[in-house]
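Novice: Below are the C-alpha cells for one structure; questions will follow.
The values are calculated or read from the model by the stated rules, or taken from the named source; none is laboratory data. These numbers come from a predicted model, not from an experiment. With ideal geometry, Cβ positions are generated from the backbone for all residues, glycine too; neighbour counts draw on all protein chains shown. Just so you know, the surface numbers come from the protein's heavy atoms only, side chains and all, with ligands and any DNA or RNA stripped out. Shrake-Rupley method; radii C 1.70, N 1.55, O 1.52, S 1.80 Å.
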Amino acid sequence: MKIAVTSMGRDLASAVDPRFGRAAYILIVDTDTKDCKVIDNTVNVSAFKGAGIQAATMIAEEGAEVLLTGYCGPNAFRILEAAGIKVGSDISGTVADVVVAFVEGKINYIETANAEGHW
C-alpha cells in the first residue's frame, strides 16, 4: 500500500511536517517494499491559495491510499475524501516512526478537517 507522509526533509529520518498543503516535502512510502518517492512541495509552501488542493491532487495521482500529517484544512480534506484517501492527523515524530505506527495499526483517522484553511 502507498501512504503519503508530510515531511520536513527528503528521507525517512526526517521529521513529519505538521502542515499538509504547505509541507516542504511529501514522501510516498510503499509499506510493502519500503520504497520511498519524494515529492518536492516547495511550490505550494508560499502559495497564495490552493496549496492543500494542489497537494491533495499530487498524492492522489501517486496512488496514495492514506495521508499521515499533522493538520488538514477543509478544501484539501474534501479533495482527499473524494479520492478515497483516508487522513491520519495529529501525526508527529519521524517519517520512519510514523510508517511503523501505520503498519502496526496505531493511527487515528479523522472524519473532517482539523485545521482552518491557509494554515
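Novice: Can you tell me which condition I28 does not meet? The list is (1) open to solvent by 60 Å² or more (accessible area, probe 1.4 Å); (2) of a type outside the set (G, A, S); (3) touching a Cys at 6+ places or on another chain (Cβ under 9 Å), and all the others hold.
Specialist: (1)
Novice: Looking at the range 1-19, I want the residues that are over 19 Å from A60 (Cβ atoms) and have a partner that is acidic (D, E) and assigned to a loop (DSSP other than H, G, I, E, B) with Cβ atoms under 9 Å, at least 6 apart or on another chain. Which pairs are those?
Specialist: M8/D17; G9/D17; P18/D90
Novice: Which residues, taken from the range 65-84, are among the polar types (S, T, N, Q) and either without any contact (Cβ under 8 Å) to a residue 12 or more places away in the chain or touching an Asp or Glu at 6+ places or on another chain (Cβ under 8 Å) (or both)?
Specialist: Across the range 65-84, the qualifying residue is only T69.
Novice: Of all residues in the range 69-95, which are of a type in the set (A, V, I, L, M) and farther than 15 Å from A4 by Cβ?
Specialist: Result: A82, single match.
So that you can scan it fast, the table gives a plain yes or no per residue for (1) open to solvent by 10 Å² or more (accessible area, probe 1.4 Å); (2) assigned to a loop (DSSP other than H, G, I, E, B):
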position	(1), (2)
L12	yes, yes
A23	no, yes
D32	yes, yes
K37	yes, no
Q54	yes, no
N75	yes, no
E81	yes, no
G84	yes, yes
V98	no, no
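Novice: If you scan the range 56-70, which residues turn out to be surrounded by 22 or more Cβ atoms within 10 Å (Cβ to Cβ) and touching a Ser or Thr at 6+ places or on another chain (Cβ under 7 Å)?
Specialist: Residue satisfying the conditions is T69 alone.
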